[in-house]
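**Student:** Dropping a structure here in structure tokens format, bear with me for questions.
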Ligand SMILES: [Ca+2]
């Protein structure tokens, strides 16, 4: 390995930044061992030590999991009560932080009240801050000082959007100013990190990745992108990808693929992106509630950039394994990294089509190995511990029922007619639903390719949303069924209703309609595997 760098190792924090007084430096990591590359700390190691005075007390710097309402409930950032709801959720589940995103300052006079409410429940508050509020040193200092006084734990800084010297200088000053006021900091909307977290240890993570937020408006990052990150972007430093946004991904990835990211992707803050209300019935919640963020040891079990990765990480005596794959594969993972004795393994894996999680518990030792069959865009996530973990989640069962086959309303196999249209919703599986079904006989949604082995009566489960009582008519093989009184409480959260339908051996089509009035928005259906 050859390293070319400017001689700035003796540079103190008070001296001008490297971008002004020194020539740029470059580092290359070349290894025949992919694990040594992926887990290299050289980028961090090349940075100067922290200022011992500024960082005399680092007790306020604590990595952790963050509940964050912006991804699913962007419009609610100015709603004090919404953030309080997330604080309650974080406290109930043992998560360390809640992040208030852009527009939280609409209730800024009450920030002290929210911080106290959160602190009493053991939760810290991060607040979003715009680049434009940090360009003036005095203004930044006044803001950070006031927020620190109010009890804020950390800052999510945003909109740097440049690697110009003056912008990087604002980042450096923000890290120092935050440290002065004992605030943690994460950089969002900025360039990739270059190991600055060593010099400024209150910098817990950096975005600089096409993260899960992009799935609000795009199917990128792709599965391939997600499988490149551990070998490219994450090598440079902590990566605020904000994982676990949905039960299944919009990019063709599975439920377990998304969950495995929390182990595979290293970040000093794990922003968990989905809505608190969705997580409450998410089968992966016990995994998140037992997830470590600070790792004592990491092992790349195997991987290939853009195709697959299997990572084991240790926190204290607990081991975590995250596996993500582009292509379906049968994979064995030797557990020879475990210590002595018997462990409890909790394995969160995909169901057969990757549309839901199945949780398996078993006893293992270092002599054992996992053998797992992964679907396309699938994976698994495991906690291996001597502790006992309760994996029961009320309400999750129906969503991950191995006795059912799931079909998304937005599937390309379906037919939409008339006004029926695909809509994006963070609260729906696959982040999509079909709206404007009904209110005219021609506005319909037809699920095609519903295959069953034999003629008979099957259970159909419908996930829908609407904020008033609505009716939907189902037409299957000439038979007509009605589901009435459907009301999920609002046009965001989903509810589930069941009906029995008669299906014929082979492939069936089921049409949802309502000629007289709107049907509910339709998220997904599930059909029982066997006839009753
Ligand atoms: Ca859906």
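What follows is calculated from the coordinates using simple rules that are stated; it is not laboratory data. Predicted model only: the values in this text are computed from it and were never measured. Note: ideal-geometry Cβ built from the backbone for every residue, glycine included; neighbour counts use all protein chains shown.
**Student:** Could you tell me how many degrees, from 0 to 90 and to the nearest 10, lie between the Cα long axis of helix 255-264 and the main elongation axis, the longest principal axis, of the Cα atoms of the chain?
**Tutor:** The angle comes out near 10 degrees.
**Student:** Round to a whole angstrom and tell me the spacing of the C-alpha centers of segment 457-517 and segment 257-281.
**Tutor:** Answer, in whole Å: 31.
**Student:** Continuing with the same structure: How far is helix 111-120 tilted, in degrees, relative to the longest principal axis of the Cα atoms in the chain, given as a value from 0 to 90 rounded to the nearest 10?
**Tutor:** Orientation of helix 111-120: about 80 degrees from the principal axis.
**Student:** Give the percent of DSSP beta bridges with both residues in the chain that are antiparallel, rounded to the nearest 5.
**Tutor:** 80 percent
**Student:** Right, here's the next one. For segment 128-178 and segment 77-100, write down the distance between their C-alpha centroids in whole Å.
**Tutor:** 23 Å
**Student:** Can you tell me the alpha carbon radius of gyration of segment 46-205 divided by the globular rule-of-thumb value 2.2 N^0.38 Å?
**Tutor:** 1.00
**Student:** Only helical DSSP H runs with n ≥ 4 go in: add -39500 (n - 2.57) per run for the chain, normalise by residue count and round the 222 nm mean residue ellipticity to 500 deg cm²/dmol.
**Tutor:** After summing the helix terms and dividing by residue count, I get -5000 deg cm²/dmol.
**Student:** Something else now. Suppose a student asked you for the relative contact order of segment 325-484, using Cα pairs under 8 Å spaced at least 6 residues apart; what percent would you report?
**Tutor:** The value is 17 percent.
**Student:** Separate question: Test of understanding: what is the full-extension gain from residue 214 to residue 439, defined as 0.36 nm times their sequence separation minus their Cα-Cα distance?
**Tutor:** 77.7 nm
**Student:** Same structure, new question: Could you tell me the relative contact order of the chain? Use alpha-carbon pairs under 8 Å, at least six residues apart, and round to a whole percent.
**Tutor:** Values: 1292 pairs, mean separation 57.8, N = 532.
Relative contact order for the chain comes out at 11 percent.
**Student:** Bin width 5 Å, origin at 0, all Cα-Cα pairs of segment 337-379: what percent of pairs per bin?
**Tutor:** That works out to 6, 21, 26, 18, 15, 11, 4, 0, in percent per bin.
**Student:** Can I ask one more? Considering segment 138-227, what Rg and Dmax in Å follow from its alpha-carbon atoms?
**Tutor:** Reported Rg and Dmax, both Å: 14.7, 44.
**Student:** For the chain, what is Rg from Cα atoms divided by 2.2 N^0.38 Å, rounded to two decimals?
**Tutor:** For the chain, the normalised Cα radius of gyration comes out at 1.04.
**Student:** Please compute P(r) over all alpha-carbon pairs of segment 404-528, binned at 5 Å starting from zero, and give each bin as a whole-number percent.
**Tutor:** 2, 12, 24, 26, 21, 10, 3, 0
**Student:** So for each of 265-278, 396-409 I average, over its residues, the number of other beta carbons within 10 Å; can you give me the resulting order with the highest mean first?
**Tutor:** 265-278, 396-409
**Student:** Normalise the Cα radius of gyration of segment 384-437 by 2.2 N^0.38 Å (N = residues in it) and let me know the number.
**Tutor:** Numbers: Rg = 16.6 Å, N = 54, 2.2 N^0.38 = 10.0 Å.
Dividing the Cα Rg of segment 384-437 by 2.2 N^0.38 Å gives 1.66.
**Student:** Kindly rank 308-315, 69-76 from highest to lowest mean number of other beta carbons found within 10 Å of each residue.
**Tutor:** 308-315, 69-76
**Student:** Turning to a different aspect of this structure: Roughly what percent of Cα-Cα pairs across segment 209-402 reach past 30 Å?
**Tutor:** Tail of P(r) above 30 Å: 11 percent of Cα pairs.
**Student:** Continuing with the same structure: Using only Cα atoms and rounding to the nearest 10 degrees, what angle (0 to 90) does helix 80-93 make with the longest principal axis of the chain?
**Tutor:** Relative to the chain, helix 80-93 is tipped by roughly 90 degrees.
**Student:** Something else: With all pairs of different alpha carbon atoms counted, what Kirkwood hydrodynamic radius in Å does segment 252-298 show?
**Tutor:** Evaluated on segment 252-298, it is 11.7 Å.
**Student:** How would you order 353-359, 59-65 from highest to lowest mean count of nearby Cβ atoms within 10 Å?
**Tutor:** Listed from highest to lowest mean packing, they are 353-359, 59-65.
**Student:** Counting pairs of alpha carbon atoms under 8 Å apart in space and at least six apart in sequence, what relative contact order in percent does segment 199-303 give?
**Tutor:** Once divided by the residue count of segment 199-303, the mean separation gives 26 percent.
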